[in-house]
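This report concerns only the one structure given below.
The values are calculated or read from the model by the stated rules, or taken from the named source; none is laboratory data. The structure displayed is predicted, hence computed values, not measured ones. Virtual Cβ from ideal backbone geometry, glycine too; neighbours counted across all protein chains shown.
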Amino acid sequence: MTGPTNNALGWMLDEVLKVPEARHAILLSADGMLRAYSKDIDRDDAERLAAGLSGVQSISRSTAEFCGTPHTPWRQTLIEFADGYVFLVAAGEGAYLAVSTGEDVDMEAVTYRMHKLVDRLGKELTSPARQDTGSPA
Amino acid sequence: MGSAPASEPATGEVHLRPGVQTAVKLLVVGHFAVGKTTFVGALSEIRPLRTEEVMTEAGAIVDDLAGMTDKTTTTVALDFGRLTLNDRLVLYLFGTPGQQRFAPLWHDMTRGALGALVLADTRRLGHSFEVMGVLEELGLPYAVALNQFDDAPAHELDEVRDALDLLPETPLVRCDARDRVSSTRALISLVEYLLTRIGHLEHT
């Protein structure tokens, strides 16, 4: 059992949205629970997306054998829509980071920013944020 | 625990109450066509996640539809919904696909889950053994809810308990997956069972 996210790391996710065309960002745990979300996405929507994205990761990973080696580590899933993209990458042990963008985004810039963010999140997650500051989400 | 179902309607924007302190992840499992998607959809206070696809002829050999004349779609990934039980406790419901070919996915979904509700159908009780077997292998505690289909035979719960070979402490209840109140009661029976196993509710 855990507490629902207080979105203490939400401000860090907003950083990745500085890339032109980037829309939203979500940090989720491998078990499909929402950990943090960027400022312009509704919390209920973010929770539903976190569950769905955990399924996307799981299903993506299950296709490793199709790539030739069943145990090759999963790194990223890219989903393309008519109106844009969803990028899903590993964010340390048991966590994933997802970013949605418009169709004209610089894909290299997004993935670069995402990996920078994952590095910073890693540092933040290894020294947990204080729970007695600010107000709950 | 004496929890009443939250009074909010199943649709519309319902935000998580600020005081909620404990989040519990639960699985809703069961064999093909037992009503898992309906159950999660009836309960969720937010718009549920659904991953239904139209069933194709290719699946007709393995997916038994006997007695399921209205079923045209099946879940291929997962269902998700959220239910705030009371001022302290929020449940996150993850529904699994029913077919064996999706088993690797639902093993992943058990990660972080505290327990599972097994939906069962009295017309095909035997189909539930495989699911219960997997849960027992994983050590995930569960309760069983009989989804009351309109044309299903109504057996006594004791008979069903014998037929499913349940442990004496495993909760067994009836529910109607289309009905929010009855489905909430089924979940509460699971949560109460989990809490007695844990001994106390963590206050963090």
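So here's what we get for this one:
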{"read-out": "Residues that are under 17 Å from B:ARG82 (Cα atoms), among the charged types (D, E, K, R) and not in a helix (DSSP H, G or I), drawn from the stretch A:23-54", "value": "A:ASP31, A:ARG35, A:ASP42"}
{"read-out": "Condition met for B:VAL62 (modelled with pLDDT under 75 and away from chain A (no Cβ under 14 Å))", "value": "yes"}
{"read-out": "Hits in the stretch A:61-76 (condition: within 24 Å of A:THR5 (Cβ to Cβ) and either within 11 Å of chain B (Cβ to nearest Cβ) or of a type in the set (D, E, K, R) (or both))", "value": "A:ARG61"}
{"read-out": "Condition check for B:GLY41: modelled with pLDDT of 90 or more and crowded, with 24+ Cβ neighbours inside 10 Å", "value": "no"}
{"read-out": "Candidate set from the stretch A:24-47 (those that are surrounded by fewer than 21 Cβ atoms within 10 Å (Cβ to Cβ) and more than 15 Å from A:ASN6 (Cα to Cα)); member that is nearest to the other protein chains (Cβ to nearest Cβ)", "value": "A:ASP31"}
{"read-out": "Any helices (runs of 4 or more DSSP H) falling wholly within the stretch B:100-204 and containing at least 1 residues that are under 13 Å from the mean Cα position of the chain (by Cα) and more than 20 Å from B:LEU78 (Cα to Cα)", "value": "B:180-198"}
